[in-house]
Amino acid sequence: MATLSFNPTRIPHKPISKTASFSKPSELLFPFSLKPSKHHVKPLHLQSNIITKLSVSTQEEEVETEKEDLEEDDPTAETVYLDQETDPDSIVEWELDFCSRPILDVRGKKVWELVVCDDSLSLQFTKYFPNNVINSITLKDAIVSISVDLGVPLPERIRFFRSQMLTIITKACKEIGIKPIPSKRCISLLLWLEERYETVYTRHPGFQKGAKPLLALDNPFPMELPDNLFGEKWAFVQLPFSAVREEIASLETRFFFGASLDLDLLGIEIDDKTMIPGLAVASSRAEPLAAWMNGLEVVAIEADTSRACLILSVGIATRYVYATYKKTPVTTAEAEAWEAAKKACGGLHFLAIQNDLDSDDCVGFWLLLDLPPPPV
């Protein structure tokens, strides 16, 4: 099974099962009948809050290097990092998590941590907090301090993925003029938390093995799809990975709706000819439909064979019954094969909105990724 990790670790790829074909549009009806970064990023736990200074002697340089190595290896150290090659003014959006960790302080209470990055991981910041100071004021002050300490402007937007922190994060952001965006499209942040669990938290002297996350992620029962999000037809489809990359590139040059993922950062290495599974949606009102979808923070699509439907996940904790189909051995096999193909590609899939299923052009294109919840 393919897995995800940071560059340079790559995703091993398995070929899509030959038992199913997704290229021919299905005539199943709807119920009513993202700028890829080119930066190479070091393993995140190696970033520290050390600012290297020029020394006048080789001996001083060696001492400074040894000191950095010790602090980089310290799981209690905090991170304050900005890529020197990145223009601070270009970082207009942050990804943020503010939550407890499986670590106990000297009082026997769970330690909280603020983790902030941008989608390219050019900006990285972590800070521990005791559990008795967790409020919007603490968070607001911390956000301002990141801006000051790293010499970057406050962001225009902050994405976060925990519904339980909605009130605190929203209040803190609005008090300093930042737009809060509840969204699980925090891919860089989610992968960083997974990496920190393995390389930082488990090595912390206060680590509590087996501790469950205090703020578990929601996976609510899917709701009925709003009228404005209905299409007219849909089909399981597939595109060569080369064509998927072309669609991503076109997001920067053509005026149409959608969202991308940083494939370089994710370390995704798939042959150009590999077929990526997706869902094509056709509508006579494709542009308005794509515009509505563009404001939803589309996360992923799941084929639920037990209910004979497709589930659309958006935002933090919203799930819709996106489409239904008649349950037969043939349709069940096709849905299962689509899910298997998605897993074989490390969870990579896409949503395309078109005027017609036979069209070669998309009005909207979203590159999506199934990710397991972080271990914290």
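Quick check, is PHE255 closer than 21 Å to ALA352 by Cβ, modelled with pLDDT of 95 or more and not in a helix (DSSP H, G or I)?
Spelling it out, it is not the case that PHE255 is closer than 21 Å to ALA352 by Cβ, modelled with pLDDT of 95 or more and not in a helix (DSSP H, G or I).
So that you can scan it fast, the table gives a plain yes or no per residue for (1) buried (at least 17 other Cβ atoms within 10 Å of the Cβ); (2) closer than 30 Å to SER136 by Cβ; (3) β-branched (Val, Ile, Thr):
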position: ALA172; (1), (2), (3): yes, yes, no
position: LYS179; (1), (2), (3): no, yes, no
position: CYS186; (1), (2), (3): yes, yes, no
position: LEU191; (1), (2), (3): yes, yes, no
position: TYR201; (1), (2), (3): yes, yes, no
position: GLU224; (1), (2), (3): no, no, no
position: ASP227; (1), (2), (3): no, no, no
position: LEU239; (1), (2), (3): yes, no, no
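Do we have any residue at all in the range 331-339 that's of a type outside the set (Phe, Trp, Tyr) and closer than 14 Å to MET275 by Cα?
Yes, some residue in the range 331-339 is of a type outside the set (Phe, Trp, Tyr) and closer than 14 Å to MET275 by Cα.
At least 1 residues that are polar (S, T, N, Q) in each: list the strands (runs of 3 or more DSSP E) lying fully within the range 103-190 that qualify.
Qualifying strands (runs of 3 or more DSSP E): 123-129.
For the range 294-331, name all the residues that are of a type in the set (A, V, I, L, M, F, W, C) and either modelled with pLDDT under 95 or more than 17 Å from the chain's Cα centre (by Cα) (or both).
If the condition is that a residue be of a type in the set (A, V, I, L, M, F, W, C) and either modelled with pLDDT under 95 or more than 17 Å from the chain's Cα centre (by Cα) (or both), then LEU296, ALA303, ALA308, CYS309, LEU310, ILE311, ILE316, ALA317, VAL321, ALA323, VAL330 are the ones that fit.
Can you find a residue that is assigned to a strand (DSSP E or B) and aliphatic (A, V, I, L, M) anywhere in the range 194-213?
For the range 194-213, residues assigned to a strand (DSSP E or B) and aliphatic (A, V, I, L, M): absent.
Which pairs turn up if I take residues in the range 299-322 that are within 20 Å of CYS186 (Cβ to Cβ) and look for partners that are of a type in the set (Ser, Thr, Tyr) and in a strand (DSSP E or B) with beta carbon separation below 6 Å, at least 6 apart in sequence or on another chain?
Once the first residue is within 20 Å of CYS186 (Cβ to Cβ) and sits in the range 299-322, its partners that are of a type in the set (Ser, Thr, Tyr) and in a strand (DSSP E or B) give VAL299/SER313; ALA300/SER313; LEU312/TYR320; LEU312/TYR322; ARG319/SER313.
Determine whether ASN219 is more than 28 Å from PRO102 (Cβ to Cβ) and polar (S, T, N, Q).
For ASN219, the condition - more than 28 Å from PRO102 (Cβ to Cβ) and polar (S, T, N, Q) - is not met.
The values are calculated or read from the model by the stated rules, or taken from the named source; none is laboratory data. Because the structure is a prediction, the values reported are computed rather than measured. In this analysis, Cβ positions are derived from the backbone assuming ideal geometry, glycine residues included, and neighbour counts consider all displayed protein chains.
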